[in-house]
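S.K.: I have a structure here, written as structure tokens, and I will follow up with some questions on it.
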Ligand SMILES: Nc1nc2c(ncn2[C@@H]2O[C@H](COP(=O)(O)OP(=O)(O)OP(=O)(O)O)[C@@H](O)[C@H]2O)c(=O)[nH]1
Ligand SMILES: [Mg+2]
């Protein structure tokens, strides 16, 4: 069960950033009112830089096997708005955990037990820490920044959000690029030899079971037994306090007392500093470092594991400290394993439990994951199969080696039951247990326990060389003698310059990775050229966008600065956005349709890749002139078909500099004249659409001129007439006059007046000319079916066309009314200038 | 844009501008890949490169936009100035015309970025000493008169390339430090990221240790 919790813990941590430390989790939580079996919530307390938050995670599996199985349901910051309480339920083995945050209330069912007590304690502690420091919760922003629809107020920032609690939908977000940091760490470790060199450090390890005695003797003979001051000390005690209080409350004055005597006892020729002190009931472990190395000690962390009463109390078990010295990870474990001669299996089990449950809550988390482990303590293994007398006799003869064969630890290690792959130095000292107090005499009491090497120091890891391993007979206050071991251990020391180089190189490689993961596409052409673009004769070109990257590329043509469209109005892009998978292509059609008077078309398209670069695609082409897009005033000034007019002539016509040659445009006259002769009796003249080619033929006939008769059916010619009137630069009734015309529409005289006073000759003549033609049509309404009303509404929208093309026409009725006046009244010659 | 978990504190946006062929893309490539591209095609668009650097112990992700230098794209590339925290303005020391156009690039930069944008002038191709067309002194004077940082660099040899990018970042970081650059302004070109990694120093840990000890 506990190892399951450890696994889940690791998975939960993976859901967060490395700097966001999961302090505590509670598994199998269900929401009150929810189905009981739905206990798939995991309450998680996370700390980032002294600010805490409670995350409610939902697991998609009974046991999550990856962080992607977890989704964040709610995030609740532990600030002053946070409160919680528990409510017992009579006769049930669970309590209701009630969490309040502002106006929100959450209720969870959690089983009563150690897990829940620990969790509650962690929250209380976290809340205290939060309130005592000015905390910043901006780190939580990202956890709701990615939220979707479920919660509408998710966009507002933390500060102005009155309901801060956030709900996030099912899936795990943004985890694709799992922790760059840990990737970097991993890569750095692989390349460690490149930027480190081994340097020998002396590590002094000591262990002593002090049998509940206070420190009344100096520890110098033990801790300062070496000539040169060690670089690092790891001093472990067992049984510093055997009182009930210590056992129950895990609090003892002896901690400070023993710690002081340690600090007094360590080598006088150097200054030392305590790195960490870990204690559980009577077990205490201090790691102390020579001042000169203090700055190279990093990532210190510790934990304790109780394996005593009920398998968890702290009278037995282990305490551990882990740290990194320069670039080597070290772990020190001080243990006190189960007592009694026959209990060696229990001791083996304690050892396993300590390994399984010791959790440093950071990377690496387990004892075994450290490069060097020093295991010390009262392991409590005894000498078997020999009587007290036999043991003592062998000792008198100094046959330590023979005796060691009967040592349970050696036997169990040989069988692989405990401390597998640990090394122990040769034991040259006599057993350190059990002595009569204040003497060097083995137990003379009634129990007469045979002597045993209970106090041991072992190690695991590369580059560790033991210099000495001995007991210290001078210290007599306990029934155990202290043991010490001095190691020369290879620590990899970072060469800052080389480190920087490797670090930089790795970053660069990872950046490159990052750059590689940017979407990449190529387009087969950056310049799309159209030749001779003609009025309403669409042309298209295809460009091929190929995804040459390793991630799907979402492309979109985007607007240029200060433009409201992604391309000019003569261009259509199909599709203008899309997604292309790696190795695949997308054909994009660029379609030009010219409806205005342009000499050239020119546009720069921005093909944007979401999260990547932008590419420019230039679209260009020259345009062919056409009468359709000219102004009336230009058309009446050019004598020959527009394509034959000389450039200078055309330009001066365009600038209204040349004389007016016609009262209405020649092209208009040609069309209307044709219809006079061939179309007056044609039914639905304006309502059937012609073939595209027909219209193009008529267009070219007008633009180029020809000896041939006007091609096309009357309907096609009628449509061409409508086109011409619709596309000429300025409508026959100019935009700025349309409103007054519409306003005057109810009265013919007013309309007539407007026409005479406001419209210039060219426009007025053209208008009357068209209306006279329409009146002519009305005369043949029996054949063609056109009533004045129909024609008025048809031509109202054309002669008074709107500025915005292709939209629903505005004020059609008013326009029709205006035109109607001129279809049913006599158009006296006074309207037409000579 | 998908940013995964951050392990940098800031994102700085840079733009690289200057006449075509002055070596903008090569400078970017040299900075991100440590390689020189001997025949680099014209940039037709805006290339995007990124690299994470360290400034005063803070990790900063540089988001670099390398713009097309061709005159015909000038109007379009103007849309990319916005929100740049740093602008690298490049000319080619072997082509005087690219130097003469600097004032127009500078005008654009001043008009289209905000006052705190750090502008760094780079005289590129300094490996081609024999073909030099603009003296160091002259450009240096121009930079000084206009309050620009300035180096001569070579995207080919890598000379001063790293320096130009990093100096710019340092300057930006300074502006943040002394409050001249308002992080909250939408167009500061700097984004602050919540996580601050690399803070695993001892003092922090001692803190947490003490908390743990309470149990
Ligand atoms: N000798 C030398 N050649 C260089 C250097 N930097 C760039 N070049 C060359 O100059 C040419 C143009 O370089 P690019 O980086 O493409 O120029 P650019 O400024 O990006 O040009 P655009 O993309 O058109 O704006 C290429 O052929 C490069 O090989 C340099 O420092 N020294
Ligand atoms: Mg380029």
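S.K.: Run through the DSSP bridge list for the range A:521-623 and note the antiparallel percent, rounded to the nearest 5.
M.R.: Numbers: 33 of 39 bridges.
Looking only at bridges with both residues in the range A:521-623, the antiparallel portion is about 85 percent.
S.K.: For the range A:406-450 and the range A:262-335, what is the separation of their C-alpha centers, rounded to whole Å?
M.R.: When both Cα centres are located, 23 Å separates them.
S.K.: Enter the angle in degrees (range 0 to 90, nearest 10) between the Cα long axis of helix A:180-190 and the first principal axis of the Cα atoms of chain A, meaning the one along which they spread out most.
M.R.: Compared with the principal axis, the helix lies near 50 degrees.
S.K.: Moving on. Take peptide A:609-619, look around each residue's Cβ out to 10 angstrom, count Cβ atoms belonging to other protein chains, and average those counts.
M.R.: On the way: counts 2, 2, 4, 3, 8, 12, 6, 10, 2, 5, 0.
That works out to 5 on average.
S.K.: For residue A:228 and residue A:388, what does the FRET efficiency come to when R0 = 56 Å and r is the distance between their Cβ atoms, rounded to the nearest 0.05?
M.R.: So the FRET efficiency works out to roughly 0.90.
S.K.: Quick one: A:237, A:767, A:360, fewest Cβ neighbours within 10 Å first, how do they rank?
M.R.: With the sparsest Cβ surroundings first, the list reads A:360, A:767, A:237.
S.K.: Using Cα atoms only, what is the angle between the long axis of helix A:114-132 and the major principal axis of chain A, expressed in degrees (0 to 90) to the nearest 10?
M.R.: On a 0 to 90 degree scale, this one is about 70.
S.K.: In deg cm²/dmol, rounded to 500, what helix-only [θ] at 222 nm does chain A give when every DSSP H run of at least 4 residues adds -39500 (n - 2.57) and the total is split over its residues?
M.R.: The helix contribution divided over chain A gives -9000 deg cm²/dmol.
S.K.: Suppose a student asked you for the relative contact order of chain A, using Cα pairs under 8 Å spaced at least 6 residues apart; what percent would you report? It would help to have the intermediate numbers written out before the result.
M.R.: On the way: 1666 pairs, mean separation 58.3, N = 834.
It rounds to 7 percent for chain A.
S.K.: Would you mind computing Rg(Cα) / (2.2 N^0.38 Å) for the range B:10-194, counting N as its residues?
M.R.: This ratio for the range B:10-194 stands at 0.95.
S.K.: Taking the Cα-to-Cβ direction at residue A:708 and at residue A:292 and moving 7 Å from each Cα, how far apart do the two end points lie in nm?
M.R.: 10.4
S.K.: Using the 10 angstrom Cβ neighbour count as an exposure proxy, how do A:567, A:117, A:335 rank, fewest first? Numbers along the way, then the final one.
M.R.: Working: A:567 20, A:117 11, A:335 28.
Fewest-to-most ranking of A:567, A:117, A:335: A:117, A:567, A:335.
S.K.: Hey, another quick one. Among A:708-717, A:187-196, how do they line up from the highest to the lowest mean number of other beta-carbon atoms within 10 Å?
M.R.: Those peptides, ordered most packed to least, come out A:708-717, A:187-196.
S.K.: Given Cα pairs under 8 Å that are at least 6 residues apart, what percent is the relative contact order of the range A:193-494?
M.R.: Working: 749 pairs, mean separation 66.3, N = 302.
Computed over the range A:193-494, the figure is 22 percent.
S.K.: Counting other beta carbons within 10 Å of each Cβ, put B:9, A:329, B:115 in order, fewest first. List each step's numbers first, then the result.
M.R.: Working: B:9 22, A:329 19, B:115 7.
Ordered from fewest to most neighbouring Cβ atoms within 10 Å, B:9, A:329, B:115 come out as B:115, A:329, B:9.
S.K.: How big is the Kirkwood radius of chain A, worked out from every pair of different alpha carbons and given in Å to one decimal?
M.R.: 35.8
S.K.: To the nearest 0.05, how large is the calculated FRET efficiency for residue A:269 and residue A:423 if R₀ is 30 Å and r is the Cβ-Cβ distance?
M.R.: On the way: r = 29 Å, r/R0 = 0.98.
Efficiency, rounded to the nearest 0.05: 0.55.
S.K.: For A:599-608, what's the mean count of beta carbons from other chains sitting within 10 Å of each residue's beta carbon?
M.R.: 2
S.K.: Per residue of B:48-54, what is the mean number of Cβ atoms on other protein chains within 10 angstrom of that residue's Cβ?
M.R.: Details: counts 8, 6, 5, 7, 8, 4, 4.
Mean partner shielding for this stretch: 6.
S.K.: Over the alpha-carbon set of the range A:357-474, work out the extent along each principal axis and list the three values in angstrom, largest first.
M.R.: The Cα atoms of the range A:357-474 stretch 49, 27, 27 Å along their principal axes.
S.K.: A further question on this structure: Angle, helix A:692-704 long axis vs. longest principal axis of chain A, Cα atoms, 0 to 90°, nearest 10?
M.R.: Between helix and principal axis, roughly 60 degrees.
S.K.: Using only alpha carbon pairs under 8 Å that are at least six residues apart, calculate the relative contact order of the range A:521-623 and give it in whole percent.
M.R.: In percent, rounded to a whole number, it is 38.
Rule-based calculations on the coordinates, nothing more; no lab input. Keep in mind it's a predicted model, so treat the numbers as computed, not measured. Don't worry about glycine lacking a Cβ; one is built from the backbone with ideal geometry, like all the others, and counts go over all protein chains shown.
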